[in-house]
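Input: one structure, supplied below.
The values are calculated or read from the model by the stated rules, or taken from the named source; none is laboratory data. The model shown is predicted, which means the values in this text are computed figures rather than measured ones. As a convention, Cβ positions derive from the backbone with ideal geometry for all residues, glycine included, and neighbour counts pool all protein chains shown. Please note that ligands, DNA and RNA were not included when accessible areas were found on the heavy atoms of the full protein model with its side chains. Shrake-Rupley method; radii C 1.70, N 1.55, O 1.52, S 1.80 Å.
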Amino acid sequence: WSMKDLFGDLGVTVAFQAPSYLRVSQDKPFAPTMRALLVGGEAPSHDDLASYPGIDFWNAYGPTETSIIVSLGHIPADYPAGQPLHVGPPMANAVISIRRADGTRVPPGCTGEVWLGGVGVCAGYLNNPVTTARVFIDTPEGRMYRSGDLGRWSRQGTLELAGRIDQQVKLHGQRVEPAEIEQHLQARHWCPVRRIPS
């Protein structure tokens, strides 16, 4: 029994999944009731798309700091194999801007950091004014969040993601910050191992 079984029992027609979950359950199809599949939290692959024929495939993008989804792109079944899986144009009330490190915009087609704005941008990080000041920037277009993601605009006006400016990785849709792990290990914030005498 799995989540896919539950979806079938409940007659679910639309689901949101992390691509890594889809991969571990790839051998089990969705019930025939499933019409549309939204993926997000990490980058999907062309194999993910090919594994679910007959289901509308949507690629979502947006970090927690912007109230999750800021763009959503439909990926048709005949999507070109060598083309990056885009995440669509900005959704209503969301702003997406591709910028250099100094905050100036890059031309369409060039890669830069993805800055996000709009009504969903949060106030900042609780009890962390230093990081808040570093990544939440007041601009003439309003308050924006520096996502740390790299991206570019396609000729069709959709956003294509192109990695990170730092070492952050995604594991089952969750952020993992290697620098934070290293910092805690260096500060010796782990429980010491107690050796049992032989």
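Which of 101, 43, 77 moves the most in a Gaussian network model of the chain with Cα springs under 10 Å?
101
Among 186, 26, 156, determine the one that fluctuates most according to a GNM of the chain built with springs between C-alpha atoms less than 10 Å apart.
Of 186, 26, 156, the most mobile in the Gaussian network model is 186.
As a check on your grasp of the helix formula, calculate [θ] at 222 nm for the chain: sum -39500 (n - 2.57) over DSSP H runs of n ≥ 4, divide by the residue count, round to the nearest 500.
Value at 222 nm, helices only, nearest 500: -4500 deg cm²/dmol.
Whose amide H sits under 5 Å from the amide H of residue 16, counting only residues 5 or more places off or on another chain, with H placed in the peptide plane?
Distant-sequence amide H within range of residue 16: 38.
If you don't mind, there's one more thing I want to ask. Can you sort 153, 58 by solvent-accessible area, 1.4 Å probe, largest first?
58, 153
Quick one: dipole size for the chain, taken about the Cα centre, charges +1 on Lys/Arg Cβ and -1 on Asp/Glu Cβ, in debye to the nearest 20.
Charge dipole of the chain: 440 debye, to the nearest 20.
For the stretch 107-171, calculate the relative contact order in percent as a whole number, restricting contacts to Cα pairs under 8 Å that are 6 or more residues apart.
Across the stretch 107-171, relative contact order equals 37 percent.
Place +1 on the Cβ of every Lys and Arg and -1 on the Cβ of every Asp and Glu in the stretch 1-148, take the dipole about the Cα centre, and give the residue among 69, 91, 133 whose Cα lies farthest towards its positive end.
Of the options given, the answer is 133.
Now for a separate question. Based on DSSP, what percent of beta bridges with both residues in the stretch 29-100 are antiparallel, to the nearest 5?
60
How many nm separate the modelled label positions at residue 110 and residue 162, each set 7 Å beyond the Cα in the direction of the Cβ?
1.0
Continuing with this model, one more query. Can you tell me how the chain classifies by the Cα gyration tensor, rounded, prolate or oblate, using a/c under 1.5 as the rounded cut?
Note, shape of the chain comes out oblate.
Non-local amide H neighbours of residue 164 (under 5 Å, H modeled in plane, Pro and chain starts lacking H): which ones?
It is 150, by chain and number.
Sticking with this structure for a sec: Can you tell me which of 62, 103, 117 moves the most in a GNM of the chain? Springs connect C-alpha atoms under 10 Å apart.
Taking springs between Cα atoms under 10 Å, the residue moving most is 103.
Provide the gained length on full extension for the span residue 67 to residue 133, in nm with one decimal, where the gain is 0.36 nm per separating residue minus the Cα-Cα distance.
21.9 nm
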